[in-house]
Amino acid sequence: MSKSKDKKQSSSTIALNRRARHDYFIEDRLEAGLVLEGWEVKSLRAGKGRIAEAYVLIKDREAFLLGSHIQPLESASTHVIADATRTRKLLLHERELATLVGATEQKGYTIVPLAMYWSRGKAKLEIALAKGKAKYDKRQTKKTQDWQRRKAQIMRSEG
């Protein structure tokens with residue numbers, strides 16, 4: 001019985017985009033499905049996905065993930081010509097797409113992927129509406145994080 005508990009406690013996260021939180025103010029988050037091929041699913045199960053340089057583009061009322069990298073497995077993709085950086089379609093509801101289109105075109109937001117993970121056996125992508133940070137904003141965020149870390153150290157040492 002302990003084996004089944006261990007399997008459920010394993011992380012469902014495939015890839016994180018830590019740089020997005022550094023470069024952008026995150027406003028609103030959404031969950032999107034991904035249209036993947038069979039070899040891509042096998043590679044993601046093996047943890048071979050990256051979204052660090054990825055971004056989302058909306059074209060013809062559809063959302064696409066560009067710049068993500070899924071490294072093909074040698075054993076799984078021998079009979080398929082695998083393109084590791086191909087454009088992948090995102091599955092979103094029409095209402096969600098309308099809000100994304102309005103925010104990007106009118107308010108100047110950018111859509112960035114934050115995390116890729118498994119949800120009930122399906123690969124999902126957490127995307128966010130974000131505004132770019134200026135250099136002084138990044139410094140201020142770093143200063144605040146350092147102060148919070150230092151404050152926690154002081155509280156642990158005194159308490």
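The values are calculated or read from the model by the stated rules, or taken from the named source; none is laboratory data. Worth saying up front: this structure is predicted, and the values here are computed from it rather than measured. Backbone-built Cβ (ideal geometry, glycine too); neighbour counts: all protein chains shown. With ligands, DNA and RNA removed, areas are computed over all heavy atoms of the protein, side chains included. Shrake-Rupley method; radii C 1.70, N 1.55, O 1.52, S 1.80 Å.
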According to the Kirkwood expression over distinct Cα-Cα pairs, how big is the hydrodynamic radius of the chain, in Å? 17.8
Spelling it out for LEU91: with amide H atoms placed in the peptide plane at 1.01 Å from N, the residues 5 or more places away or on another chain with amide H under 5 Å from its amide H are GLY33, LEU34, VAL35
Phi angles of the stretch 53-64, converted by Karplus (6.51 cos²θ - 1.76 cosθ + 1.60, θ = phi - 60°) into ³J(HN,Hα) in whole Hz with x for Gly and Pro, give 9, 7, 8, 10, 10, 10, 9, 6, 6, 9, 9, 10
TRP147, TRP118, TRP39, reordered so the largest accessible area comes first (probe 1.4 Å): TRP147, TRP118, TRP39
Amide H contacts under 5 Å for TYR24, restricted to residues at least 5 apart in sequence or on another chain and with H modeled in the peptide plane, are LYS133
Using a 10 angstrom cutoff on alpha carbons, build the Gaussian network for the chain and name the most mobile of ILE26, ILE58, ILE111. ILE58
At a probe radius of 1.4 Å, what is the per-residue accessible area of HIS22, in Å² to the nearest 10? 90
Choose one of VAL101, ALA20, TYR55: the residue whose Cα lies farthest towards the positive end of the charge dipole of the chain (beta-carbon charges +1 Lys, Arg; -1 Asp, Glu; about the Cα centre). ALA20
Grab the beta carbon distance between HIS22 and GLU94, set R0 = 30 Å, and tell me the FRET efficiency rounded to 0.05. 0.40
